[in-house]
């Protein structure tokens, strides 16, 4: 009858690394708290950096226990991806590049390796090599996870900045009591049209506006998609109780609209912002007369 296999025989290098990580978790977390990738994020309390490091060590141990040290999709990493994302976002906002974040993550390997070599000081050389290799692969996978998280965080930052720029590029101007205007400059795509609509509707509510002017003098071209966006914005403003006027329709744009067969009959239009403002003021009961006429009438 063959001899029963012992627990040590069934334990591979990855599983031994997992055991080492759990036993030395506190020491590793303490050393990592002084590493740049944690120290520059948790600047208020070192205890927070230690706690973050402890969570990452636990995740690495869980991954190593399964033997999937090269799998960036292992369940253990799923647990700390939120923590890693927070760290990466903070470093990205601070101006750190992907290469810098990668180097800072790679720097975490040295203190762990030193502790592992100390742990295996009496072990055979080949066994030490197997365990250090497993740890190196595991730390390399952590680095890959950080890079993937950095890429996602970078994309999120770019998208957020893009939306902020769209909001800045879409100001709402109060022209008169109950009259607001949105001067549009540049290409009007779906994303920007959504920002225009939301910004205009918010202004209608805040300013109690009864009339809103969309000035497209600065829009280079108007195609069927742009016209559709304008009509949706006009319809949304009407639902909020405001009449919307589209101004700045130049001759070339008027011809394009006609050639495309776009029906803007339901949209109130004026050739210029001045014409739209004059109409809006008249609707508010204001009378506009030239200064010379006003002076003559006052005599």
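Using a Gaussian network model of the chain whose springs link C-alpha atoms within less than 10 Å, name the residue from 211, 201, 264 with the highest mean-square fluctuation. Of 211, 201, 264, the Gaussian network model singles out 264 as fluctuating most. Each of 90, 150, 224, 193 was scored by other Cβ atoms within 10 Å of its Cβ. Listed from fewest to most, they are 224, 90, 193, 150.
Our note on the geometry: Cα centres of the stretch 219-279 and the stretch 50-122, 55 Å apart. Seen from every direction in turn and averaged, the convex hull around the alpha carbons of the chain projects onto 27.3 nm².
Of all DSSP beta bridges confined to the chain, the antiparallel ones make up roughly 20%. By the beta-carbon count within 10 Å of each Cβ, the least crowded to most crowded order of 176, 32, fewest first, is 176, 32. The three principal axes of the Cα atoms in the stretch 7-165 give end-to-end lengths of 61, 29, 23 Å, sorted in falling order. The Rg/Rh ratio for the stretch 173-298 is 1.01, where Rg is the radius of gyration of the alpha carbons and Rh is the Kirkwood radius. Sorting 265, 45, 272 from the fewest to the most surrounding beta carbons within 10 angstrom yields 265, 45, 272. For the stretch 7-165, the relative contact order comes to 30 percent (Cα pairs under 8 Å, sequence separation of at least 6).
Normalised by the number of residues in the stretch 173-298, the mean separation of alpha-carbon contacts (under 8 Å, six or more apart) gives a relative contact order of 24 percent.
The numbers here are math on the coordinates, done by the rules we state, and not lab data. Since we're looking at a predicted model, the values are computed, not measured. Virtual Cβ from ideal backbone geometry, glycine too; neighbours counted across all protein chains shown.
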